[in-house]
Amino acid sequence: MDEKYYYGGFGGRYVPESLIEPLNELDRNYKSCKKDKNFQSKLSDILKNYAGRPTPLYLSGALSEYCGCSVYLKREDLCHTGAHKINNALGQGLLAVETGKRNIIAETGAGQHGVATAAAAALFGLKCTIYMGTKDIKRQHNNVVRMKLLGADIVEVQEGDKTLNAAVNATLRRWVQDPENIYYLLGSCVGPHPYPAIVRDFHSVIGKEVKEQIPDRPDVIVACVGGGSNSIGIFTPFFKDKNIRFVGVEAEGCASLSKGKVGVLHGAKSYLLYDKNGQIKKTHSIAPGLDYSGVGPEHSFYKERSRAEYVNINDSEALKAFRWLSKNEGIIPALESSHAVAWVMKEKWNGGQKVVINLSGRGDKDIDEIFSMEEIKREYE
Amino acid sequence: MSKLKDKVERLYREDKTGLSFFLTGGYPDMESFTKLVKYIDKNNLADFIEVGIPFSDPVADGPVIQESSQKAISAGTTYNNILMAVKSLKNKIDIPLVLMSYLNILLADELEKTLLTAADAGFSAAIIPDMPYGEHEKALEILKRVGMELILLISPGTPDKRVREIGKESSPFLYYVSSYGVTGNGKKFDKKTLESIRKVRNLSAKPVYCGFGITTGKDAQYIADIADGEIIGSAVIDLISENNIEQTFNDIYKFAINIGKSIRE
Ligand SMILES: Cc1ncc(COP(=O)(O)O)c(C=O)c1O
């Protein structure tokens, strides 16, 4: 066991032997790009002029009034392609280019990472294949069309739970077949080392901007947790300030941190939902981006050290927050991000607090699915 | 010395190519699975059997083993009931058994306990496909304590230094993954495969068994030129009829005779 692959006891590289060398290579390449001024300046330029960074930190009047404290929204929903996912897709896309890999594969749940990856591939002129579960292809049809327009091939994954879990399995199986030529652009801070660190680093731009944007300092930072990338990205730059409270909001039906046990899935040891026989549980959430049985190992470490609290929100609470923010603030949040909003709306606050919500994405992708619910459709008619 | 080690070393000394079949535990159902183990043992169709514990997310496996695993899980197969079935064969079969399980199955209870149960059921060794060298220390230490061995995998891309290190820890043989990819049929073997196996043999004193994608007698014959043994999985699972065990017996018998001829002539 190599300590440097772990966060406390979590993480590691639990993958088939065939992937060990490719992971070593990725680790070496990433380290050298991280130090390379040229790489960093190219990336900042793309983040600014292509992705639209920095994203605003907006003091939400409606939420502040509702909660009775200052509630800020970090507007990742305004990023190009509609979610924070683009930060990582561009970072890793550039890494692929710099290291001579021209063939990119990725998994996607909500389709946001798929769209971001497809956009990065189009930008850099790379071949792109996206693996997506049957169930998600149905409920995120819009994103499927976007990926196709961006030039990506979609592979439908019909096995297993037909959602993100199965998509990760299929992508890993594909990578094992040709690791020399394929770059696996993993979409959250999960998987074997060095992925959790790479994905975290590319998203920590979120927290760094908040640091510069907020007058004074925040008291509480709240973000939704699927694999855990938008949350780790906003938490990391504030890690050392122990007085700032971190809250990770999971979906009730996939709350690996609040309801799971330590296990091994997709290359890492982390909290995980599995039954007494060790089989991974099928999860459910209205938000496809949260519909995953595992979570990034660094969050398990945060939990164990009590550096962050992990709470959960159910489908109907998230849906309520989705509609409330749309109507009262004029911002349609992604269903994933709505979980973070819902938790803040539920919690009791005293006047002086500054709460930052990472609004990880916009809800355009969710509209068709929501309007397919009869009771909702009727209300708006 | 374990039954498996004894057998593998004897084959090696006698310069005979070893042959192992992989079966998915509990597939097509628990009773047929145990009958298959007995049948292979009684007719001497293989030198040892790998018993795969079905897992919901088998990232190292291709469609054939995925499907058999999924069916077994849906029928209620668990680690414990496979082990109970295997244990019931303890004094009835002679063939050594190897446990093949993904790590999460073994972590569902204390690792100490799950591995002890495996040893007690009669398994000689374990293969854990998502626990590569480097993450293996704790499991190896427990396996040694309960009297089992750990078989580690090597892939075509494993660097020489790492092959040497793995060669020291893996016992009684090294499992060479014969091509990039997941388990399954239809891989092409070529000179590069043979050179690669030869290199691994030179880097380690242990026998080298080759698996992943061996399907036909021709494949088996080709590989047998260099490898000390072969492991066949998906091609065996493909022969299993879900409702006609006599048919399965016949097909596996014919298959094994053909493979046996191919590797031992
Ligand atoms: C808008 C949005 N937010 C959050 C997530 C959850 O991922 P993570 O926890 O990695 O931020 C997703 C995933 O698809 C997403 O699309």
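Side notes on the structure shown:
- Under 12 Å from a label point set 7 Å out along the Cα-to-Cβ vector of A:Asp241, the amide N atoms of region A:199-219 belong to A:207-219.
- If you wrap the tightest convex hull around every Cα atom of region A:249-381 and split its volume per residue, you get 134 Å³.
- Evaluated at q = 0.11, 0.13, 0.15 Å⁻¹: base-10 log I(q)/I(0), Debye formula over Cα of region B:3-264: -0.53, -0.77, -1.07
- Amide H to amide H, with H built 1.01 Å from N, A:Glu107 comes under 5 Å of A:Tyr131, A:Gly187, counting only residues 5 or more places away or on other chains.
- Solvent accessible area, Å² - A:Ile130, 1.4 Å probe, full protein context: 0 Å²
- Volume per residue for chain A equals 133 cubic angstrom (convex hull of Cα atoms).
- Student exercise, region A:41-199 dipole from Lys, Arg, Asp, Glu Cβ charges, in Debye to nearest 20: 220 debye
- Among beta bridges that DSSP assigns inside the protein assembly as shown, antiparallel share in %, nearest 5: 20 percent
- Cα-based reach from A:Lys31 at 17 Å (exclusive), listing lysines while leaving out same-chain residues under 8 positions away: A:Lys4, A:Lys42, A:Lys101
- If a spin label sat at a point 7 angstrom from the Cα of B:Arg145 along the line to its beta carbon, the backbone N atoms of region B:82-121 nearer than 17 Å would be those of B:106-120.
- FRET efficiency, 1/(1 + (r/R0)^6) with R0 30 Å, evaluated for B:Asp251 and B:Lys87 via beta carbons: 0.65
- Cβ-placed point charges (K, R +1; D, E -1), dipole of the protein assembly as shown about Cα centre in debye, nearest 20: 1180 debye
- Relative contact order [Cα under 8 Å, 6+ residues apart], chain B, whole percent: 21 percent
- Peptide A:274-285 shows a mean partner chain C-beta count of 5 within 10 Å per residue C-beta.
- Per-pair calculated FRET efficiency, R0 = 25 Å: A:Lys208 and A:Lys348 via Cβ, rounded to 0.05: 0.25
- Selected from B:Asn91, A:Gly248, A:Leu57, residue furthest toward positive end of dipole (the protein assembly as shown; charges at beta carbon): A:Leu57
- Loop-located GluC sites (Glu not before Pro) in region B:4-49 (DSSP state not H, G, I, E or B) with no more than 13 neighbouring Cβ atoms inside 10 Å: B:Glu14.
- Estimated inter-spin distance, A:Arg28 and B:Asp225, nm [label 7 Å along Cα→Cβ]: 3.1 nm
- Model label sites at A:Thr134 and A:Glu65, defined 7 Å from Cα along the beta-carbon direction, differ in position by 4.8 nm.
- Remark: relative contact order (region A:75-135) = 35 percent; criterion is Cα-Cα distance under 8 angstrom and separation of 6 or more residues.
- Selection from A:Ala89, A:Thr134, A:Pro196 lying farthest towards where the dipole of region A:84-216 points positive, charges on Cβ: A:Thr134
- Mean-position separation - Cα centroids, region B:232-265 and region B:7-23, in angstrom: 18 Å
- Amide proton proximity set for A:Gly267, modelled H, under 5 Å, gap of 5+: A:Tyr14
- Span from the region B:72-119 Cα centroid across to the region A:360-381 one, whole angstrom: 47 Å
- Among A:Ala334, A:Ala308, A:Met345 - extreme Cα towards positive end, dipole of region A:242-370, charges at beta-carbon: A:Ala308
- Amide H contacts under 5 Å for A:Val157, placed H, 5+ residues apart: A:Met132, A:Gly133, A:Thr134
- Each residue of region A:207-217 was assigned a 3J(HN,Hα) from its phi angle through the Karplus curve 6.51 cos²θ - 1.76 cosθ + 1.60 (θ = phi - 60°); the sequence is x, 4, 5, 4, 4, 7, 7, 7, x, 6, 9 Hz, with glycine and proline shown as x.
- Helical contribution to [θ] at 222 nm, DSSP H n ≥ 4, -39,500 (n - 2.57), averaged over the protein assembly as shown, rounded to 500: -13500 deg cm²/dmol
- Loop-located trypsin sites (Lys or Arg not before Pro) across region B:32-98 with a Cβ neighbour count of 11 or fewer within 10 Å are B:Lys90, B:Lys92, with loop assigned by DSSP.
- Computed from label points 7 Å out along Cα-Cβ, the spacing between A:Gln177 and B:Asn258 is 2.5 nm.
- Test item: B:126-137 mean partner chain Cβ contacts at 10 Å: 5
- Descending semi-axes in whole angstrom, ellipsoid equivalent of the protein assembly as shown, from the Cα gyration tensor: 48, 25, 22
- Here region B:3-264 is assigned +1 on the Cβ of each Lys and Arg and -1 on the Cβ of each Asp and Glu. Its dipole about the Cα centre then comes out at about 840 debye.
- Here is the list for region A:205-259: trypsin sites (Lys or Arg not before Pro) lying in DSSP coil, each with at most 10 other C-beta atoms within 10 angstrom of its C-beta, are A:Lys240, A:Lys242.
- In this structure, the residue pairs whose Cα-Cα separation is over 25 Å, taken from B:Lys42/B:Lys254; B:Lys5/B:Lys254; B:Lys87/B:Lys144, are B:Lys5/B:Lys254.
- Estimated FRET transfer efficiency (A:Ser258, B:Lys38; beta-carbon r; R0 35 Å; 0.05): 0.15
- Chain A: relative contact order as a whole-number percent, Cα under 8 Å and 6+ apart: 21 percent
- For the set A:Lys85/B:Lys188; B:Lys113/B:Lys168; A:Lys35/A:Lys211, the pairs lying more than 29 angstrom apart at their alpha carbons are A:Lys85/B:Lys188.
- Integer Hz, Karplus 6.51/-1.76/1.60 couplings in order for region B:232-247, x for Gly and Pro: 10, x, 3, 5, 6, 4, 4, 7, 7, 8, 6, 9, 9, 5, 5, 4
The values are calculated or read from the model by the stated rules, or taken from the named source; none is laboratory data. In this text, all values refer to a predicted model and were calculated from it rather than measured experimentally. All Cβ positions, even for glycine, are placed from backbone atoms using ideal geometry, and neighbour counts span all protein chains on display. The area values use the complete protein model at the heavy-atom level, side chains included, leaving out ligands, DNA and RNA. Shrake-Rupley method; radii C 1.70, N 1.55, O 1.52, S 1.80 Å.
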